[in-house]
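What follows is one structure encoded as structure tokens, with my remarks underneath.
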Amino acid sequence: MSSRVVVLISGAGSNAAALLEAAADPGFGASVVAVGADRYGAGGLDLARQAGVEAFTVPFADYGDRGDWNAALIERLDAYRPDLVVSAGFMRILGAEVLERHTVVNIHPALLPAFPGAHAVRDALAYGVAITGATVHFADSGVDTGPVIDQVAVRVDPRDDTASLHERIKSVERRMLVEVVGRLAREGWSVQGRQVRLGGSGTRQTPSTEYVAEENR
Ligand code: GAR
């Protein structure tokens with residue numbers, strides 16, 4: 001049976017779009033049952049509707065209190081009975097109650113634990129790193145601190161600005177996200193301490209190289 005996935009977004013939704021496209025294949029192992037946003041007009045909501053997937057909004061701005069917003073989000077999430085919630089460009093910290101009830105996977109545009117937070121690409125560029133990338137991890141109650149599932153490296157070009165570097169990161173991160181979500185759905189996982197194991201064998205599977213950036217091959 002296909003795993004039920006709810007994708008949470010705040011913006012353009014290119015990662016959500018990649019998941020919607022992949023999940024259209026029954027062999028993927030996961031179905032996107034809804035795409036939700038924390039603000040009206042997030043681009044990815046239209047992409048969901050076009051794909052025939054339910055779209056919902058729990059606008060942060062409409063709630064005076066973070067606790068109330070979390071409670072409203074939980075109500076929406078619970079209704080979809082997701083096996084996995086994917087935070088794909090969702091720029092809000094999820095409350096402990098959400099994380100207790102749901103398994104949340106987050107995509108972050110840096111090689112964690114470097115450059116957590118909302119401005120990862122800008123921060124990596126300002127630091128002057130030669131290599132950055134993206135991380136898929138299970139969310140915990142910290143800011144981008146949960147156990148790492150997979151990472152991909154992207155070389156910084158001296159001519160990069162935040163936009164150009166972020167575009168290159170996005171082109172590889174969505175492939176990684178699709179790969180990881182598909183594998184979590186098809187193979188299952190276990191987490192011991194900070195070690196994430198995909199599949200039932202208890203050993204780390206060899207990551208696919210399909211999403212490795214050209215320059216890193
Ligand atoms: C992605 O690069 C994602 O990694 C990042 O937001 C972008 C969303 O793009 N997430 C964070 O920065 C979370 N801290 P998208 O809306 O086109 O998928």
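At-a-glance table
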item	result
Residue list for the stretch 93-132, given a label point 7 angstrom along the Cα-to-Cβ vector of residue 141 and an amide N cut-off under 12 Å	95-100
5 angstrom amide H check on residue 37, placed H, neighbours 5+ away	9, 56, 57, 58
Accessible area (Å², 1.4 Å probe, nearest 10) - residue 49	130
Residue-by-residue Karplus 3J(HN,Hα) for the stretch 40-46, coefficients 6.51, -1.76, 1.60, Hz, glycine and proline x	5, x, 4, x, x, 5, 5
Rounded to the nearest 10 Å², the accessible area of residue 108 at probe 1.4 Å	10
Length added when fully stretched, residue 2-residue 76, from 0.36 nm per residue minus Cα-Cα	24.6 nm
Over the chain: helical MRE at 222 nm, DSSP H runs n ≥ 4 each giving -39500 (n - 2.57), nearest 500	-10500 deg cm²/dmol
Shape of the chain, Cα gyration tensor, a/c cut at 1.5	rounded
Around residue 31: net Lys/Arg minus Asp/Glu count, Cβ-Cβ under 10 Å	0
Solvent accessible area, Å² - residue 63, 1.4 Å probe, full protein context	80
Of all DSSP beta bridges in the chain, antiparallel share, percent nearest 5	45
Rounded to whole Hz, the Karplus (6.51, -1.76, 1.60) HN-Hα couplings of the stretch 13-25, x for glycine and proline	x, 5, 5, 4, 4, 5, 5, 4, 5, 5, 6, 5, 8
Unit charges on C-beta of K, R, D, E only; dipole of the chain, Debye	380
Heavy-atom accessible surface of the chain: percent carbon and sulfur, 1.4 Å	50
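The values are calculated or read from the model by the stated rules, or taken from the named source; none is laboratory data. Just so we're clear, the structure is a prediction, and the values are computed from it rather than from any experiment. FYI the Cβ positions are ideal-geometry reconstructions off the backbone, even for glycines, and counts take in every protein chain you see. All accessible areas refer to the heavy atoms of the entire protein, side chains included, with ligands and DNA or RNA removed. Shrake-Rupley method; radii C 1.70, N 1.55, O 1.52, S 1.80 Å.
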